[in-house]
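Heads up, the thing below is written out as structure tokens.
Here, each number is a calculation from the coordinates, and none is a lab measurement. What you see is a predicted model, and the numbers here were worked out from it, not measured in a lab. In this analysis, Cβ positions are derived from the backbone assuming ideal geometry, glycine residues included, and neighbour counts consider all displayed protein chains.
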Amino acid sequence: MTILDGKKVSNDIKDEIAEEVKKMKANGEKVPHLAAIIVGNDGASLTYVGSKVRACERVGFESTMVRLSNTTSEIELLDRIEELNNDDNIDGFIIQLPLPPQIDTQKVLMAVNPDKDVDGFHPMNFGKMALDMSTFIPATPFGILELLERYNVSTKGKHTVVIGRSHIVGRPMSILMGRKGFPGNSTVTLTHSHTKNITQITSQADIIISALGVPNFLKAEMVKEDAVIIDVGITRVADESSPKGYVITGDVDFENVSKKASFITPVPGGVGPMTIAMLLKNTLLARERHLAR
Ligand SMILES: NC(=O)C1=CN([C@@H]2O[C@H](COP(=O)(O)OP(=O)(O)OC[C@H]3O[C@@H](n4cnc5c(N)ncnc54)[C@H](OP(=O)(O)O)[C@@H]3O)[C@@H](O)[C@H]2O)C=CC1
Ligand SMILES: Nc1nc(=O)c2c([nH]1)NC[C@@H]1CN(c3ccc(C(=O)N[C@@H](CCC(=O)O)C(=O)O)cc3)C=[N+]21
């Protein structure tokens, strides 16, 4: 069994990006600038955005965090997006999800300039991805592809089962694994809360990508011997014995499933850090597109 060490690979990627930024600086070129809008005070969301800002600092990017109150109206948010769209210093930006209920998420995501949409959530970019055109690939699925590639995990002709169909993880993942090329050429089954007999489906999978957010959902009995297991789930579970008062838990019963798996991602230290590294990669791409305009 091999652990797919997202923490290590993400550090390698950040080192590679930092090298590129050094060269830009040496040539007197503009360095990439990422902005993030965060609405409200959700602890987990603040943590993620904080890690994105720290990652920017580490590789030498500029970063801007725009913090808005939980009662921000849709119009106010759309105005802030328009400012970032028009700000020539900003190469790319993201709007941290989820948004409070008074705001229509789809409307907001459609307001982002597709050339600055480093999350790849705009319908234009999502459509391009589905049509194999070059574009921003959503960071979490992109990170999973990168991890499979760097560990040379075979995907061709394999049966990949994705659990969860969210717009940010499961749905794009199902499209990407079925694309031509590597990593891809998989036969994909997309499952969700209305799927019947899910154990029967996961038991046939060569690769399982679990993105539902239910701790310990995927148990050893649901998994075939030598399967590849990608655990996207991140749930905070209260734990008084840990310093923060909670621990981060994935969707997979790691202790038992890892005994059967050929490759498996841990939580923490698997897909999460890869997501951040790929957001930086997308920001590099956004800068190139910006300079080409
Ligand atoms: N590591 C990382 O970088 C990231 C981690 N995450 C984590 O991944 C998890 C999923 O997040 P996200 O993609 O936003 O998903 P959502 O919470 O938006 O959706 C969950 C999906 O899981 C499906 N689902 C729920 N219960 C079941 C069940 N019992 N059996 C089968 N399918 C089920 C839902 O089905 P239905 O559509 O029918 O409701 C839905 O499609 C969360 O823990 C989140 O924190 C998210 C993004 C990045
Ligand atoms: N517009 C938008 N883009 C996103 O990419 C996005 C989002 N909204 N909303 C929420 C989800 C979640 N997400 C994570 C990113 C990093 C870790 C991560 O670094 N996790 C660490 C642990 C972090 C911790 O200790 O809390 C790990 O798994 O090792 C987790 C989750 C990005 N998301």
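For segment 220-226, putting each phi into the Karplus relation 6.51 cos²θ - 1.76 cosθ + 1.60 with θ = phi - 60° gives couplings of 4, 5, 8, 10, 7, 4, 6 Hz, in residue order, rounded to whole numbers and with x for Gly and Pro. Residues whose amide H lies under 5 Å from that of ILE94, counting only those 5 or more places away or on a different chain, are ALA35, ALA36, ILE37; hydrogens are built 1.01 Å from N in the peptide plane. Between the amide H of GLY233 and those of LEU212, GLY213, ASP251, distances stay under 5 Å, these residues lying 5 or more places away or on another chain, with hydrogens modeled in the peptide plane.
To the nearest ten degrees, helix 139-150 and the longest principal axis of the Cα atoms of the chain are 60 degrees apart. Couplings 3J(HN,Hα) of segment 240-250, computed from phi: 5, 7, 9, x, 7, x, 8, 10, 8, 10, x Hz, in residue order, whole Hz [Karplus 6.51 cos²θ - 1.76 cosθ + 1.60, θ = phi - 60°; x for Gly and Pro].
Sequentially through segment 259-272, phi angles give Karplus couplings (6.51, -1.76, 1.60; θ = phi - 60°) of 5, 9, 6, 8, 9, 8, 9, x, 9, x, x, x, 5, x Hz, Gly and Pro residues having no value and appearing as x. In the chain, inverting the average of 1/r over every pair of distinct C-alpha atoms gives 19.8 Å as the Kirkwood radius.
Between LYS107, LYS52, LYS224, the residue with the greatest mean-square fluctuation in the GNM of the chain (Cα pairs under 10 Å linked by springs) is LYS107.
Sort out the exposed loop GluC sites (Glu not before Pro) in the chain (DSSP loop, at most 10 other Cβ within 10 Å) and tell me the longest stretch that has none.
1-224
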